[in-house]
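Colleague: Before I ask anything, here is the structure I am working with.
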Amino acid sequence: MEKAVETTRLERFLDSDIWHSFKSNPVAIVSLIVTLIMVLSSAFAPLLAPQDPFDLANIDIMDSSLPPSWMAEGDPRFLFGTDDQGRDILSTIMYGAQISLIVGFASVVFSMVVGISLGLISGYAGGRVDAFIMRVADIQLSFPAILIALLIDGVARGIFEAHLHEQISIYVLIFAIGISGWVQYARTVRGSTLVEKNKEYVQAARVIGIRPITILHRHILPNVMGPVMVIATIHLAIAVITEATLSFLGVGVPPTTPSLGTLIRIGNEYLFSGEWWITIFPGAALLILVLAVNLLGDWLRDAMNPKLR
Amino acid sequence: MELLQINDLKIQFPSRRGTVDAVKGVTLTVKPGEVLGVVGESGAGKSTIGNAVIGLLEPPGRVAGGDVYLKGEQINNLDRDAIRKIRGRRIGMIFQDPLTSLDPLQTIEQQLVETIDLHLKLGAEKSLERAIDLLDQVGIPNPAERIKHYPHQFSGGMRQRVVIALALCAEPEVIIADEPTTALDVSIQAQILELMRRLCREKQVGMLIITHDMGVIADITDRVAVMYRGDLVEEGTTQKILGDPDHPYTKSLISAVPRPDVRLHRFPMVDYIEKEEDRKKDFDISTHWLGQAQDFDAVEGSLVSVENLVMKFISKEALLKKNRQYFTAVDNVSFDIRQGEVFGLVGESGSGKSTVARMICGLYKPASGSVNFGGTDLTKIKSETELDYYRRQMQMIFQDPFSSLNGRMKVMDIVAEPIRFHKLASSNQEVETIVLDLLEHVGLGRAAALRYPHEFSGGQRQRISIARALATRPRFLICDEPTSALDVSIQAQILNLLKDLQEELGLTMLFISHDLPVIRQMCDRVGVMKMGQLVEVSETETLFEAPSAPYTKELLSLMPKLDKLSHSGLEIED
């Protein structure tokens, strides 16, 4: 036998099939780069953006409704033009994408935690617990996700006063989108758990005497995470879209902290008066972000499923 | 002229870690009416040869050199359409798993008649006649009626007969059979082999049979080719290869085959495939960590005794308890295992032997009956913490080394888990010392601790499993088919290891196997199970020399006769 070589996680990753599949897939590479640019530029928006669109001191009403810089009346300071209040569109997109991505990531994490936990319990316990959780999932699946999110938002508006609701609206949104997405995780994890729990390594742990809760998190969880990561990537795109849809409908984040969806809605009103750039650029940003994340998710699904290769 | 001639065949599998030479220049011939066996262990390239001949090499595999001739006609350079006409028509195929070789959505009639009509162009009526005739030849009773049935309505053995009929239906000149009986029970294996041999003779068909099983080789072949890592190391008549092999690999392979007729002290010369790390043999059990389990109560007589064990599985679920239907997997089984002995349980698949083991170690809760360990009825204990005391004393080694280890954990953590859980060591450092010591003890070497299970071969993984089982310092070890997924030389190493450990540590063992020769090598007493019932319990030698139950006699008569095998270099126990 060879000498003891302890491989680090990074070395193992660089030698893995996933990494090789990634390196040989140009679509995946481009998607990852695009996603990273979008995520980083929005995360560091305060540093990178040409203007802080929410600081009234920076905004000059005289700059309002300027077209993109390459057009005849454009101003070189505003690459994608300005809106009706003189805010730089590029900057609002960067700040808006920040809200969109925060809501997207947070709701995915929330869905994952709820879905994985319920899926593990359902799959491992079986019997009545399983039947109950899965029937709840079935019932929820018979409603469109957006309807559930709308319902939760409506209830939250009823419970909280208007100014309080404005403050917590982002959390309500995360909860609403998150809760409407757990079913997929639960079903997938339950399915994998049913397979894993009958494998001999789980039985070996039971013979040792390890308690179910430890078996679930130490043995089963790491072995069911593969498909979960695939769903999570694709779900991120869906969550961003759902947030945009809700904001477009006016029930998402308040207009004072606009997300991409809010920007599209605001711009929509000016579409017919000729100021197309106010809505088209946020729309394009949303499209590119979602497309890149989706392509990444598709690649991950193919790379992790040897049957599709 | 030879029927099938393979000349200097080379097959490569390019991968991103470099090209693997799966077959390195192999030359074989098959004559009409002759059965040629290709034997070797996993990775020897034997199946690859079969697949290459019929043009079914899995990508990215490719033929890198050499020719294949069928009746003097070169067939390895044909295009897809041409080889497809030969496949099935002139070369019949029998694969390992009869379940996946047949289309579950079509009746046997549809599959057979379609194939016959396609190849022989007889017309529907004649084809059906021929199909029924074929089923009759392969020994399916009442063929005219059975032909209307779907594959799932046949048992495994019957299904394999249908597959043979399917392979024969176009009157092929050559049949390639890849592990044709591996998925079948011994009782059926013997019948199928007999059938294949007879048909081969009668129809003057040449057969290439690919197998890892010396029993199959001894039963059916005229000549044998021995493969080792892509090379043909030795070829000759079956009698010569089995009785007087020349090549050291063949010698080692044959010495590793468990004998049904004699009991060996140990298997000799089994280090050819995979070297065992040096085991620390000269240690004093009274001072060693493994001998320090002092808190167990002393036991007189039998350590484990099960009484009237019954296990039922729900076969049809219903909301109300009274409407449920049950299948009785274990029916009123009772036996004792004495302190320090190896007790064997043998039976065919589905006989309930694994279920008994799982009830003893608490994975299944018996429907009724009791499991007594050192006089305590374990089925009555409700508290988990109280059960831990007994769990520590009994551990289990599982059948499948590829699923019995959690692939996300390092070997160190896998083996350390029981020690940490039962708090058998006071510090983390002590745990690590114990694990390294255990790994050395099972012949793996300390370096293994830092690696992940997927970096090891099946045999090495089984050693990790054994180390994990030993980590609670058990006095009772359940081995559930511990070697049935392993190659024969690796099996011999693992059996040697288990024997050594049993002697060194004074373990009591329950050893479960479907393989009678293995049972003979390992066990002091044996229980024979059939359809959930224990039909006989005797001393091993009595069982093999003078069985009392008719079922035992039947099982023994179906064991492959390996009396042709060379006895050189064996230490036979008397």
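Since every read-out is calculated from the coordinates, none of them should be taken as a lab result. Nothing here was measured: the structure is a model prediction, and the numbers come from that model. Please note: Cβ atoms are built from the backbone with ideal geometry, for glycine as well, and neighbour counts cover all protein chains shown.
Colleague: Based only on the alpha carbon positions, what is the Kirkwood hydrodynamic radius of the protein assembly as shown, in angstrom?
Modeller: 32.2
Colleague: Starting from the amide H of A:Gly252, placed 1.01 Å from N in the peptide plane, find each other amide H under 5 Å away whose residue is 5 or more places distant or on another chain.
Modeller: A:Ser247
Colleague: Taking amide H positions as placed 1.01 Å from N in the peptide plane, with prolines and chain starts having none, which residues 5 or more places from B:Ile478, or on another chain, fall under 5 Å of its amide H?
Modeller: B:Gln395, B:Met396, B:Ile397, B:Leu510
Colleague: I would also like to ask the following. Under 16 Å Cα-Cα from A:Lys23, which aspartates and glutamates qualify once same-chain neighbours fewer than 8 residues away are excluded?
Modeller: Straight-distance partners of A:Lys23: A:Glu11, A:Asp15, A:Asp298, A:Asp302.
Colleague: With r defined as the distance between the Cβ atoms of B:Thr100 and A:Thr256 and R0 fixed at 51 Å, what FRET efficiency is calculated, to the nearest 0.05?
Modeller: In this case the efficiency is close to 0.20.
Colleague: Further question on the same structure: Treating cross-link reach as a plain straight distance, find the lysines whose alpha-carbon is under 16 Å from the alpha-carbon of B:Lys499, omitting any fewer than eight places away in the same chain.
Modeller: Partners within reach: B:Lys280, B:Lys281.
Colleague: Next up: If you plug each phi of the range A:59-75 into the Karplus form 6.51 cos²θ - 1.76 cosθ + 1.60 with θ = phi - 60°, what whole-Hz ³J(HN,Hα) values come out, in order, with x for Gly and Pro?
Modeller: 8, 10, 5, 5, 8, 5, 6, 7, x, x, 5, 7, 8, 3, 8, x, 10
Colleague: Of A:Lys197/B:Lys382; A:Lys197/B:Lys316; B:Lys31/B:Lys71; B:Lys312/B:Lys380; B:Lys316/B:Lys382, which ones are farther than 20 Å apart at the Cα?
Modeller: Too far apart for the 20 Å limit: A:Lys197/B:Lys382; A:Lys197/B:Lys316; B:Lys316/B:Lys382.
Colleague: Let me ask another. Where both residues lie in the protein assembly as shown, what percent of DSSP beta bridges are antiparallel, nearest 5?
Modeller: Once the DSSP bridges in the protein assembly as shown are tallied, antiparallel ones form about 60 percent.
Colleague: Also: For the range A:175-185, in order, what is each residue's ³J(HN,Hα) by Karplus, 6.51 cos²θ - 1.76 cosθ + 1.60 with θ = phi - 60°, in whole Hz (x at glycine and Pro)?
Modeller: Computed from phi, the couplings for the range A:175-185 are 4, 5, 5, x, 5, 7, x, 5, 4, 4, 5 Hz.
Colleague: Give me, ordered by chain and number, the residues 5 or more places off B:Ile209 or on other chains with an amide H under 5 Å from its own placed amide H.
Modeller: Those lying under 5 Å, H to H, from B:Ile209 are B:Leu36, B:Gly37, B:Val38, B:Ala177.
Colleague: Could you tell me which of rounded, prolate or oblate describes the range B:41-115, using a ≥ b ≥ c as the square roots of the eigenvalues of the alpha-carbon gyration tensor, with rounded for a/c under 1.5 and, failing that, prolate when a/b is larger than b/c and oblate otherwise?
Modeller: Since a/c reaches 1.5 but b/c is at least a/b, the shape of the range B:41-115 is classed as oblate.
Colleague: Does the range A:81-304 come out rounded, prolate or oblate by the C-alpha gyration tensor, with a ≥ b ≥ c the root eigenvalues, rounded set by a/c under 1.5 and, if not, prolate when a/b is larger than b/c and oblate if not?
Modeller: Prolate, because a/c is 1.5 or more and a/b exceeds b/c.
Colleague: Still on this structure: Within a Cβ distance under 10 Å of B:Ser484, other residues only, what is the Lys/Arg minus Asp/Glu net charge?
Modeller: Here the count lands on -4.
Colleague: Specify the residue with the greatest mean-square fluctuation among A:Ser100, A:Ser16, A:Ser31, computed from a Gaussian network of chain A linking alpha-carbon atoms under 10 Å apart.
Modeller: A:Ser16
Colleague: Going 7 Å from the Cα of B:Thr237 along its beta-carbon direction, which residues of the range B:544-574 have the amide nitrogen within less than 19 Å of the resulting point?
Modeller: Label zone hits: B:562-567.
Colleague: Oh, and also: Stretched out fully, how many nm does the piece from B:Gln74 to B:Glu503 gain, at 0.36 nm a residue minus the Cα gap?
Modeller: This chain segment gains 148.6 nm when fully extended.
Colleague: Let me ask something else. Checking the a/c ratio against 1.5 first, then a/b against b/c, what shape does the Cα gyration tensor give for chain B?
Modeller: It is prolate, given that a/c is not under 1.5 and a/b is the larger ratio.
Colleague: I'd like the antiparallel share, as a percent to the nearest 5, of DSSP beta bridges with both residues in chain B.
Modeller: Given both bridge residues lie in chain B, the antiparallel proportion sits at roughly 55 percent.
Colleague: Another question, if that's okay. Given the options A:Gln140, A:Gln184, A:Gln98, state which has the largest fluctuation in a GNM of chain A using a 10 Å cut-off (strictly under) for Cα springs.
Modeller: The residue with the greatest mean-square fluctuation here is A:Gln140.
Colleague: Shifting gears a bit: Residues in the range B:28-68, backbone N under 13 Å from the label point at B:His247 (7 Å along the Cα-to-beta-carbon vector): list them, ranges by number please.
Modeller: Once the point is set 7 Å along Cα→Cβ of B:His247, B:28, B:38-41, B:44-46 turn out to lie under 13 Å by backbone N, inside the range B:28-68.
Colleague: May I pose another question? With r defined as the distance between the Cβ atoms of B:Glu300 and B:Thr433 and R0 fixed at 45 Å, what FRET efficiency is calculated, to the nearest 0.05?
Modeller: Between B:Glu300 and B:Thr433 the formula returns 0.85.
Colleague: Could you give me the ³J(HN,Hα) list for the range B:485-493, computed from phi with Karplus coefficients 6.51, -1.76, 1.60 and θ = phi - 60°, whole Hz, x at Gly and Pro?
Modeller: Whole-Hz 3J(HN,Hα) from phi for the range B:485-493: 9, 10, 5, 5, 6, 6, 4, 4, 5.
Colleague: Continuing with the same structure: Distance cut-off 26 Å, Cα to Cα: go down the list B:Lys353/B:Lys564; B:Lys24/B:Lys564; B:Lys322/B:Lys365; B:Lys126/B:Lys203 and report the pairs above it.
Modeller: Beyond 26 Å between Cα atoms: B:Lys353/B:Lys564; B:Lys24/B:Lys564.
Colleague: Here's a follow-up. So, in nm, how far is label B:Lys564 from label A:Arg9 when the simple model puts each one 7 Å beyond its Cα toward the Cβ?
Modeller: Placing both labels 7 Å along Cα→Cβ, they lie 5.8 nm apart.
Colleague: How far is it, in nm, from the label point at A:Glu161 to the one at B:Ala144 when both lie 7 Å from their Cα along the line to the Cβ?
Modeller: Placing both labels 7 Å along Cα→Cβ, they lie 9.3 nm apart.
Colleague: List the aspartates and glutamates whose alpha-carbon lies under 15 Å from that of B:Lys148, not counting same-chain residues fewer than 8 positions away?
Modeller: In chain and number order, the partners are B:Asp103, B:Glu109, B:Glu114, B:Glu125, B:Glu129, B:Asp133, B:Asp136.
Colleague: With springs only between Cα atoms under 10 Å, which of A:Ile179, A:Ile37, A:Ile266 fluctuates most in a Gaussian network model of chain A?
Modeller: In the Gaussian network model the winner is A:Ile37.
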